[in-house]
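Participant: Have a look at this one before I ask anything.
The values are calculated or read from the model by the stated rules, or taken from the named source; none is laboratory data. Small disclaimer: the values here were computed from a predicted structure and weren't measured. A quick note on method: Cβ atoms are made from the backbone with ideal geometry, for glycine too, and the neighbour counts reach across all protein chains shown. These accessible areas exclude ligands, DNA and RNA; they are computed on the full protein's heavy atoms, side chains included. Shrake-Rupley method; radii C 1.70, N 1.55, O 1.52, S 1.80 Å.
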Amino acid sequence: KKEEAYKNLETHINKKDYNDIDYVKLLDLRRNMHPIETNRSLDDRSLSDLISANLHSSPRLMRPMETVKSSECLEALLSPSIRSSVVCTPRDRHSFEPHPMIGDAWDALRRSIVFFRNQPVGTIAAMDPTEDSLNYNQVFVRDFVPSALAFLMNGEPDIVKNFLLKTLRLQAIEKRIDCFTLGEGVMPASFKVLHDPLRKTDTMIADFGESAIGRVAPVDSGFWWIILLRAYVKSTGDHSLADKPDCQRGMRLILTLCLSDGFDTFPTLLCADGCCMIDRRMGIYGYPIEIQSLFFMALRSAKFLLKPEGEGKEFLERIDKRLQALSFHIREYFWLDHTQLNNIYRYKTEEYSHTAVNKFNVIPDSIPDWIFDFLPMNGGYFIGNVSPARMDFRWFAIGNCMAILSSLATPDQASAIMDLFEERWEELVGDMPLKASYPALEGKEWQIVTGCDPKNTRWSYHNGGSWPVILWMLTAACIKSGRPQIARKAIEQVEQRLSKDGWPEYYDGKAGRYVGKQARKFQTWSIAGYLVAKMMLEDPSNLGLIALEEDKKMKPALTRSASWTA
């Protein structure tokens, strides 16, 4: 059976172009050669046995992670001369030396594990001994994603399964802020575990936004939960978890919040400021690209996970319709390259009728001066926000990287985003990857948009700060786009400083040279993001956990309003 799996792998990777490789299928083929045991629960093993097995006997953990060129990693999928040594057979343990940061990162990641009734259920946000914990001692849904991917890639799915099930139970509790009850499908932003040593009991307390800054519910948590559930299934081949009635119901509740009928005239999701990774006031209210990319990926993941029986059939039909409308809307109206910028620059205003070119009545004089010099001739990206009479031309890294991974971006658009990285490396990457947004808000604009936020000053935190965690998304997007050399360059920059600086949460400054003024040290997702990036470069088939190939069956949407008639 294993020989047959090797043969299937050989057949699949014998393709001519990186962009033709189906990484999801590659992951399935690799899993058939190296199956992961998924039928033993944590209850069957002692905690000490689990930790001992993870630290000392895990074949994937002990395997050196060589720092070869990322382009060679992809060539290994294609070249018969080196493919057998890199992909199809175990590596020589003495051929390469792992980077010293890898061992330190795994040690730090394991120290961050949170236990509930002797079972690992997540990782805390940070373990900085020099700062007050505030809410950094909690398990955040979005923060745990890179940790979960690291454990899945390392053959340790149990902690991910426990996390998915525990957060699902938290979704089911009543959620109230003052006198208002939140939607049934809302997932928590975070949770913490309280240990009572006297009674020997553990209690889990969730935060759905009632304790967060600004009291905003996390729109992205539900999307990340669905995306992570798919990653678990793809990693383990175990569909039984996703098929559980509770998981099916949890997905339907999340989708109900997103697909319900309302007053919207666009397929995008209308959101409040601070509803995602940028969880403070930063002017992203409306239709932020990060939420739209995650929404698209969650819909496609749910399409893979939902059972077609009963209520699932209706949801699958609604998902198909929304995906078509959403993909057209984002690709058509959020995309900006030199040609489109020139078109916007020449827009006429006050157009009325279904044949209007300037459909959102954007005033050309509102185009910021910086964009004309920033946008290169051969690059492009999805802008931050589009709504009536408003275009937010800022660059947001997560939205663009996730657009590539979900195939919301077309192959040409993904290539243009990679071109932008290469052309504007100093602006978007600098000395420490990666700018969460660009450019920074300054002066009067900063006062008005952020409300004089002392944490989001110019080139700091969300306002042009550099976040090492985004490295894993950049790496995955680069591999999927056939540009692994860009990711390798970014990883090499990270390896010069991140561990020495104590794994900070973010960096400040136009080039990202300074550890953030209020950055926590030993930030877990900075640690996990580095590990995931390294493991994806080592084994590009890991990309199948988090990337989706373009849906060839998706029909092109109409270019005119559906209400228009001749």
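Participant: Could you give me the ³J(HN,Hα) list for the range 275-283, computed from phi with Karplus coefficients 6.51, -1.76, 1.60 and θ = phi - 60°, whole Hz, x at Gly and Pro?
Facilitator: 9, 9, 4, 7, 9, 10, 5, 9, x
Participant: Also, I was wondering about something else. Could you tell me the accessible area of T181 in Å² (1.4 Å probe, neighbours in place), rounded to the nearest ten?
Facilitator: That residue has around 60 Å² of solvent-accessible surface.
Participant: Just order 242-252, 535-545 by mean Cβ neighbour count inside 10 Å, highest at the front, would you? List each step's numbers first, then the result.
Facilitator: Values: 242-252: 17.5, 535-545: 23.6.
The peptides rank, most packed first, as 535-545, 242-252.
Participant: Here's another thing I want to ask about it. Of the listed peptides 423-435, 217-229, what is their order by residue-averaged count of other C-beta atoms within 10 Å, with the highest listed first? Kindly include the intermediate steps, with their values, before the conclusion.
Facilitator: Numbers: 423-435: 20.5, 217-229: 25.3.
Peptide ranking by packing, descending: 217-229, 423-435.
Participant: Between S353 and K321, how many nm apart are label points set 7 Å from Cα along the C-beta direction?
Facilitator: Modelled inter-label distance: 3.0 nm.
Participant: Amide H to amide H under 5 Å from W503: which residues, 5+ apart in sequence or cross-chain, H placed 1.01 Å off N in plane?
Facilitator: For W503, the qualifying residues are F522.
Participant: Also, quick follow-up: Considering only DSSP states other than H, G, I, E and B, which trypsin sites (Lys or Arg not before Pro) in the range 168-245 qualify as loop sites with at most 15 other Cβ atoms within 10 Å?
Facilitator: Details: sites: R169, K175, R176, K192, R199, K200, R215, R230, K234; in loops: K175, R199, K200, R215.
Listed in order of number, the matching sites are R199, K200, R215.
Participant: Under Stokes-Einstein, with the Kirkwood radius over Cα pairs standing in for Rh, what whole-number D in µm²/s applies to the range 376-515 at 4 °C and 1.567 mPa s?
Facilitator: Working: Rh = 15.4 Å.
It comes out at roughly 84 µm²/s.
Participant: What number in nm² do you get for the range 364-446 if you take the convex hull of its Cα atoms and divide its surface by four?
Facilitator: On the way: hull surface 25.5 nm².
Its average projected convex-hull area is 6.4 nm².
Participant: May I ask you to give the average projected area over all directions of the convex hull of the Cα atoms of the range 149-271, in nm² rounded to one decimal?
Facilitator: On the way: hull surface 40.9 nm².
In nm², the orientation-averaged hull projection of the range 149-271 is 10.2.
Participant: Let me ask something additional. What is the extension gain from F180 to K517, computed as 0.36 nm multiplied by their sequence separation minus the C-alpha to C-alpha distance, in nm to one decimal? Provide the component values of the computation, followed by the final result.
Facilitator: On the way: separation 337, 0.36 × 337 = 121.32 nm, distance 3.61 nm.
Fully extending the segment from F180 to K517 adds 117.7 nm.
Participant: Using a Förster distance of 30 Å, how high is the FRET efficiency between S366 and E423, based on the Cβ-Cβ distance and rounded to 0.05?
Facilitator: Numbers: r = 25 Å, r/R0 = 0.82.
Step by step, r from the Cβ atoms, then E = 0.75.
Participant: While we're looking at this one, here's another question. Residue by residue through the range 461-474, what is 3J(HN,Hα) from phi via Karplus (6.51 cos²θ - 1.76 cosθ + 1.60, θ = phi - 60°)? Round to whole Hz and write x for glycine and proline.
Facilitator: 3J(HN,Hα) across the range 461-474, in whole Hz: 6, 6, 8, x, x, 9, 10, x, 4, 5, 4, 5, 5, 4.
Participant: Let me see the P(r) profile for the range 284-383: every Cα-Cα distance counted, bins of 5 Å, each bin given as a percent of all pairs.
Facilitator: 2, 10, 16, 17, 17, 13, 9, 7, 5, 3, 0
Participant: Additional query: Size of the dipole of the range 360-427 about the Cα centre, Lys and Arg at +1 and Asp and Glu at -1 on the beta carbon, nothing else charged, in debye to 20?
Facilitator: Numbers: 3 positive and 10 negative charges, 71 e Å.
Here the range 360-427 has a charge dipole of around 340 debye.
Participant: So if the hydrodynamic radius of the range 437-563 is defined as the Kirkwood radius over C-alpha pairs, what does Stokes-Einstein give as its diffusion coefficient at 37 °C and 0.692 mPa s, in µm² per second? Before the final figure, lay out the partial values.
Facilitator: On the way: Rh = 16.7 Å.
D, rounded to a whole number, is 197 µm²/s.
Participant: While we're on this one: For the range 418-482, what percent of Cα pairs sit more than 16 Å apart?
Facilitator: On the way: 1040 of 2080 pairs.
Above the 16 Å cut-off, the range 418-482 has 50 percent of its Cα pairs.
Participant: Also, I was wondering about something else. For the ranges 452-460, 182-190, what's the packing order if you count other beta-carbon atoms within 10 Å of each residue, average per peptide, and put the highest first? Numbers along the way, then the final one.
Facilitator: On the way: 452-460: 17.8, 182-190: 21.0.
Top to bottom by mean Cβ count within 10 Å: 182-190, 452-460.
Participant: Let me see the P(r) profile for the range 461-508: every Cα-Cα distance counted, bins of 10 Å, each bin given as a percent of all pairs.
Facilitator: The percentages, shortest bin first, are 25, 49, 24, 1.
Participant: For the full complex of protein chains and a 1.4 angstrom probe, list T410, T236, T201 by accessible area with the highest value first. Provide the component values of the computation, followed by the final result.
Facilitator: Details: T410 35, T236 15, T201 60 Å².
Ranked from most to least accessible, the order is T201, T410, T236.
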